[in-house]
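Before any comments, here is the structure.
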Amino acid sequence: MSIESLADMPLSDGPSTQALFAKAQALASQCGVSLRTPPPEPTTCCGRGCNGCVWEGFFAAATFWREDALAALHAAHAPSD
């Protein structure tokens, strides 16, 4: 798995997002990079499709987490000056 492939992984549901978290953390471990803890999945969704659903916030947090993870991984692979 490459760093670039993480950017293309979907964040469309719980399982795909958890897969992204696991693959990013595995890649980080291989590279000796420490990532912050990913956001937890929501547990309070009522399933009625509310405007501002807790899942919307989760996917926004997951997107930010991925951006942060990608930056950390790219920094670890940047050539030293």
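The values are calculated or read from the model by the stated rules, or taken from the named source; none is laboratory data. What you see is a predicted model, and the numbers here were worked out from it, not measured in a lab. Virtual Cβ from ideal backbone geometry, glycine too; neighbours counted across all protein chains shown. Just the protein is used for accessible areas: all its heavy atoms, side chains included, with ligands, DNA and RNA removed. Shrake-Rupley method; radii C 1.70, N 1.55, O 1.52, S 1.80 Å.
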Exercise for review: Please work out the average accessible area per residue across the chain, using the 1.4 Å probe convention, and give it in Å².
Suggested key: 63
Review point. Mind checking Rg over Rh on the chain, alpha carbons, Kirkwood formula for Rh?
Key: 1.05
Review point. In whole percent, how big is the carbon plus sulfur part of the accessible area of the chain, probe 1.4 Å, protein atoms only?
Key: 54
Review point. What value, in deg cm²/dmol to 500, does the helix sum -39500 (n - 2.57) over DSSP H runs of n ≥ 4 give at 222 nm once divided by the residues of the chain?
Key: -19500 deg cm²/dmol
Check your understanding: Taking K and R as +1 and D and E as -1, what net charge do the other residues with C-beta under 13 Å from the C-beta of SER5 add up to?
Key -> 0
Review point. Using the alpha-carbon atoms, what tilt in degrees (0 to 90, nearest 10) does helix 54-77 show relative to the longest principal axis of the chain?
Key: 0
Study note, to complete from the structure: Counting Lys and Arg as +1 and Asp and Glu as -1 over every other residue whose Cβ sits under 14 Å from the Cβ of GLY14, the net charge comes to -3
Check your understanding: Where does the Debye-calculated log10 I(q)/I(0) of the range 35-74 sit at q = 0.17, 0.24, 0.31 Å⁻¹, using only Cα point scatterers of equal weight, no solvent?
Key -> -0.50, -0.76, -1.02
